[in-house]
Amino acid sequence: QVQLVESGGGLVQAGDSLRLSCVASGGTIRSYAMGWFRQPPGKEREFLATINYSGGTTYYADSVKGRFTISRDNAKNTVYLQMNSLKPEDTAVYYCAAYSTSTRVAGVAPRSWGQGTQVTVSS
């Protein structure tokens, strides 16, 4: 079972940028799709973005399309989430996840989750 560790969260002001990283250990993620999710305070966890095994295909939730970019470096077993033009409503715990498929498949949940990293955006 691959372990995922997120980092890069913190307290920023509205309009700032952050890049989150997710490092995998205990196995390779190069054959699998990866995703980012978030859970705002008092709300359920929500999907943000996925990237296929090669990095050639990405998919975003409408709420972050155009502001967030998911990418990966398979040589480093790492996935990234670049977040620009952050808003107070982006405040949440951000989670990295690994799928058991090479590409995003609607309705298929991730098989592994990280512990999350807190992002707080002040107005």
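The values are calculated or read from the model by the stated rules, or taken from the named source; none is laboratory data. What you see is a predicted model; the values in this text were computed from it and never measured. Positions of Cβ are backbone-derived with ideal geometry, glycine not excepted, and every protein chain shown enters the neighbour counts. Surface areas here come from the heavy atoms of the whole protein model, side chains and all, with no ligands, DNA or RNA. Shrake-Rupley method; radii C 1.70, N 1.55, O 1.52, S 1.80 Å.
A 1.4 Å probe run over the chain, with the rest of the protein chains in place, finds 49 Å² accessible per residue.
Here the 3J(HN,Hα) profile of region 54-71, calculated from phi with Karplus coefficients 6.51, -1.76 and 1.60 at θ = phi - 60°, is 8, x, x, 10, 10, 8, 10, 6, 4, 5, 10, 4, x, 10, 10, 9, 9, 8 Hz, Gly and Pro shown as x.
For the set Arg38, Arg19, Arg45, solvent exposure ranked by accessible area (probe 1.4 Å, protein chains only) runs largest to smallest as Arg19, Arg45, Arg38. Grab the beta carbon distance between Thr28 and Ser7, set R0 = 22 Å, and tell me the FRET efficiency rounded to 0.05. Efficiency, from the Cβ-Cβ distance: 0.70. Applying 0.36 nm per residue to the separation of Arg19 and Gln82 and subtracting their alpha-carbon distance, the gain on full extension is 22.2 nm. Measuring only protein heavy atoms, the 1.4 Å probe finds Lys65 accessible over about 120 Å². In the complete set of protein chains, residue-level accessible area for Ser21 is approximately 20 Å², probe 1.4 angstrom. Once all protein chains are placed together, Arg111 keeps about 80 Å² accessible to a 1.4 angstrom probe.
For Lys76, no lysines have a Cα closer than 20 Å to its Cα, not counting residues fewer than 8 places off in the same chain. Placing unit charges on each Cβ (+1 for Lys and Arg, -1 for Asp and Glu) gives the chain a dipole about its Cα centre, and among Tyr53, Met34, Pro110 the Cα reaching farthest toward its positive end belongs to Tyr53. Going 7 Å from the Cα of Val108 toward and past its Cβ, which residues in region 1-19 have a backbone nitrogen under 18 Å from where you end up? Within reach of a label on Val108: 1-2. DSSP finds beta bridges in the chain, and of those with both partners inside it, around 90 percent are antiparallel. Taking a ≥ b ≥ c as the square roots of the eigenvalues of the Cα gyration tensor, region 1-40 is classed as prolate, since a/c reaches at least 1.5 and a/b is larger than b/c.
Where is the GNM fluctuation largest for the chain (alpha-carbon springs, 10 angstrom cutoff): Ser31, Ser54, Ser63? Checking each option, the largest mean-square fluctuation is seen for Ser63.
Taking Ala61, Ala97, Ala24 as the candidate residues, the one with maximal mean-square fluctuation in a Gaussian network model of the chain, Cα springs under 10 Å, is Ala61.
For region 14-123, which whole percent of the accessible surface, found with a 1.4 angstrom probe, sits on carbon and sulfur atoms?
47
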